[in-house]
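Asker: One structure is given below, represented as structure tokens, and several questions about it will come after.
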Amino acid sequence: MLFQDCLCFALTRASRRVAKVYREKLDPYGLTQPQFFLLIALYEEDGLPITALAEKVALDKSTLTGLLDRVERDGLVERVPTPEDRRALQIRLTPKAEALRQRLTAIYDETNAWFLSQLTAEERETFDRAIAKLESVSADEA
């Protein structure tokens, strides 16, 4: 098999192109793509416990902790004890993050719509099925 035929390489190459578009749009805000998607997830559902947020953004808790450290340092989120269990923490958006909501969600909506417009309805359906299938494969099966 030729290198350029490798599925993992093709996915990485496509992902880099998508990331480049986001990076250019996010530079003025000083956000990385993972920080941006974390904020988008919280705009959708603020106050999530760390475990639920990690699952939502598809990151392990240790990776998410480092990401949270940076966005908390930048004043975009805060860790707040949950009322039921003060040892458990919720992640809440700050007023600074709320002030960016409209602009960041517009970047998210417009960029996602642009990428999706590159696919026909049939291609999108096939793509969604293929991605779902690859996501369901266990690493133990490889």
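The values are calculated or read from the model by the stated rules, or taken from the named source; none is laboratory data. Note that the coordinates shown come from a computational prediction; the quantities given were computed from them, not determined experimentally. Cβ coordinates were reconstructed from backbone atoms using ideal geometry, including for glycine residues, and neighbour counts include every protein chain displayed. In case anyone asks, the SASA skips ligands and DNA or RNA and just uses the protein heavy atoms, side chains included. Shrake-Rupley method; radii C 1.70, N 1.55, O 1.52, S 1.80 Å.
Asker: Among the residues of the stretch 67-101, how many are closer than 18 Å to residue 40 by Cα and assigned to a loop (DSSP other than H, G, I, E, B)?
Answerer: 4
Asker: In addition: Quick one: in the stretch 16-32, of everything that is out of contact with any helix residue (DSSP H, G or I) (no Cβ under 8 Å at 6 or more places or on another chain) and either of a type in the set (Lys, Arg) or open to solvent by less than 70 Å² (accessible area, probe 1.4 Å) (or both), which residue is farthest from residue 112 (Cα to Cα)?
Answerer: This residue is 30.
Asker: Find all pairs meeting these conditions: Cβ atoms under 7 angstrom apart; at least six residues apart or on different chains; first residue within the stretch 59-78 and free of Cβ contacts under 8 Å to residues at least 60 places away in the same chain; second residue polar (S, T, N, Q) and surrounded by 12 or more Cβ atoms within 10 Å (Cβ to Cβ).
Answerer: 61/51; 67/35; 70/35; 71/35; 75/94; 76/94; 77/94; 78/94
Asker: Considering only residues that are surrounded by 10 or more Cβ atoms within 10 Å (Cβ to Cβ) and either hydroxyl-bearing (Ser, Thr, Tyr) or touching a Lys or Arg at 6+ places or on another chain (Cβ under 6 Å) (or both), which ones fall in the stretch 124-142?
Answerer: The answer is 126, and nothing else.
Asker: Same structure, new question: Please go through the stretch 128-142 and give me each residue that is at pLDDT below 75 and closer than 17 Å to residue 8 by Cβ, ordered by number.
Answerer: Those that are at pLDDT below 75 and closer than 17 Å to residue 8 by Cβ: 139, 141, 142.
Asker: Here's a follow-up. How many residues does the stretch 100-123 contain that are surrounded by 10 or more Cβ atoms within 10 Å (Cβ to Cβ) and either in contact with an Asp or Glu (Cβ under 8 Å, 6 or more places away or on another chain) or of a type in the set (A, V, I, L, M) (or both)?
Answerer: Result for the stretch 100-123: 6.
Asker: Another one. Across the stretch 35-65, what is the total count of residues that are closer than 19 Å to residue 88 by Cα and open to solvent by 20 Å² or more (accessible area, probe 1.4 Å)?
Answerer: Number of matching residues: 15.
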